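As structure tokens, the structure follows; a few thoughts come after it.
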Amino acid sequence: MKAADIKKIAVIGGSGMIGSGWVTFFLWKGLNVNAYDINDALLQTARERINGNLSYLVEKNIITEEARKKALSKVVYTKELKDSLRDVQFVQECVPEKYEPKQAIVAALDQYGSKEAIFASSTSGLMITEIAKNSKFPERCIGAHPYNPPHLIPLVEISKGERTSAATVQTAYDFFKSTGKEPVILQKEAPGFISNRLQIAVYREAVDLVLRGVCSVEDVDKALSYGPGLRYALMGPNLIFHLGGGKVGLKGLMTHIGTTAEVWLDDMAAWKKWPAGYSDIMQAGVDKEMANRSSAEGKTSEEISRWRDDKLLALLKILNKA
Ligand code: NAD
């Protein structure tokens, strides 16, 4: 199957944080979607979230009112797993982060789906080989890990299991690329994939700096978001270091700061288990940080999420991604 053959998608777990984002995204891109969740109440939540997301895109002039109405005509909400999997070319699974429910969706696709449909898990870091271990078609199983919120953030990490075919990876890559996503491919399985490993490496150091009394939670957040984070929105650490090296590039820069950075590395966190009580300390710090924000930046989680999405959309427009 080629990317252009993908016209209808099943989103499994469509009322969840990630599922509702994927449904929004696929509808926005003109695709047909079967949104599955386990009961009527959850389907109602899905409708509310997806309607809200699409209205937000209209409000921000990303899509027209006409496009919103057309998008809504392309979604079918169902609590029948069998129905949701029939006649789709692509399944975006968004059920809780455990092997059993994900393996159950793979089994259902084997039973009810077409012989070509690709199974793509939104897993944040589980192994595709294990998710697909009982599949009759493991060659068609991949990971397609989004970043929250999936309808706005362009990254999708495509990961493969031991038996995933190169053709499936290529079709998924071409498909996501055609929708405007920025897919990256893991050449081998790695728990946590690329982005979450980077995120957790930074977070371990953030926690350690606070626990050692070097800085507050608020200041560690500011140090990242008003410093390196601004550049990270435009380019990755390798290109940043390359530019930092001027004429001598990354290689030259590392001969200067490499030795100094080894002193820092020697002092940095290397622990493998979260320190006792750390989440209480970090939460208390976040609560203070939120209270210190201006009203324009928002003080509650809801207000801050809205502020984040407004700024994200502005940034995505600059990057020609919205
Ligand atoms: P969530 O709890 O918000 O949503 C899970 C959805 O799955 C719910 O709608 C629930 O009703 C449904 N569900 C539960 N059991 C089910 C079953 N047996 N069969 C079908 N549907 C079932 O979770 P989430 O945060 O949206 O995460 C979903 C997946 O996406 C996870 O694998 C997670 O790791 C991954 N992910 C999450 C984030 C994030 O920031 N939350 C980011 C990227 C990827």
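How far apart, in nm, are the 7 Å Cα→Cβ label points at residue 148 and residue 111?
Placing both labels 7 Å along Cα→Cβ, they lie 3.1 nm apart.
Among 94, 141, 215, which one shows the biggest mean-square fluctuation in a GNM of the chain, springs joining Cα atoms closer than 10 Å?
With Cα springs under 10 Å in the chain, the top fluctuation among 94, 141, 215 is at 215.
Can you tell me which lysines have their Cα less than 19 Å from the Cα of residue 70? Leave out same-chain residues fewer than eight positions away.
Correct list for residue 70: 7, 8, 29, 60.
Under a Cβ-Cβ cut-off of 11 Å, what is the net charge of the residues other than residue 86 that fall near it, where Lys and Arg count +1 and Asp and Glu count -1?
Numbers: positive: 8, 82; negative: 80, 83, 87.
Charge balance in the 11 Å sphere: -1.
For segment 72-173, give me the percentage of DSSP beta bridges that are antiparallel, rounded to the nearest 5 percent.
Values: 5 of 12 bridges.
The antiparallel proportion sits near 40 percent.
Between residue 312 and residue 254, what is the spin-label point distance in nm, taking each point 7 Å from the Cα along the Cα→C-beta axis?
3.2 nm
Springs between alpha-carbon atoms under 10 Å, Gaussian network over the chain: tell me which of 211, 109, 126 tops the mean-square fluctuations.
Comparing 211, 109, 126 in the GNM, the peak value goes to 211.
Where does the charge balance sit around residue 268 when Lys and Arg score +1, Asp and Glu -1, over other residues with C-beta under 12 Å from its C-beta? Don't jump to the answer; show the numbers that get you there.
Numbers: positive: 204, 212; negative: 205, 208, 262, 266, 267.
So the surrounding residues net to -3.
For helix 195-211, what angle does its Cα long axis make with the longest principal axis of the chain, in degrees from 0 to 90 and rounded to 10?
Roughly 40 degrees between the two axes.
If you add up the charges near residue 102, with Lys and Arg at +1 and Asp and Glu at -1, over every other residue whose beta carbon is less than 11 angstrom from its beta carbon, what do you get?
Local charge sum for residue 102: -2.
Reachable aspartates and glutamates from residue 2, Cα under 16 Å, same-chain residues fewer than 8 places away excluded?
87, 116, 139, 174
Only bridges whose two residues both fall in the chain count here: according to DSSP, what percent of them are antiparallel, nearest 5? Don't jump to the answer; show the numbers that get you there.
Numbers: 5 of 29 bridges.
Around 15 percent of the beta bridges assigned by DSSP in the chain are antiparallel ones.
To the nearest 20 debye, what is the magnitude of the charge dipole of segment 204-281 about its Cα centre, counting +1 on the Cβ of each Lys and Arg and -1 on the Cβ of each Asp and Glu?
On the way: 8 positive and 9 negative charges, 75 e Å.
Taking the Cα centre of segment 204-281 as origin, the dipole is about 360 debye.
Read-outs throughout are calculated quantities, based only on the coordinates presented, and are distinct from any laboratory measurement. All figures in this text were calculated on a predicted structure; none of them were measured in a lab. Reconstructed Cβ throughout: ideal geometry from the backbone, glycine too, with neighbour counts over all protein chains shown.
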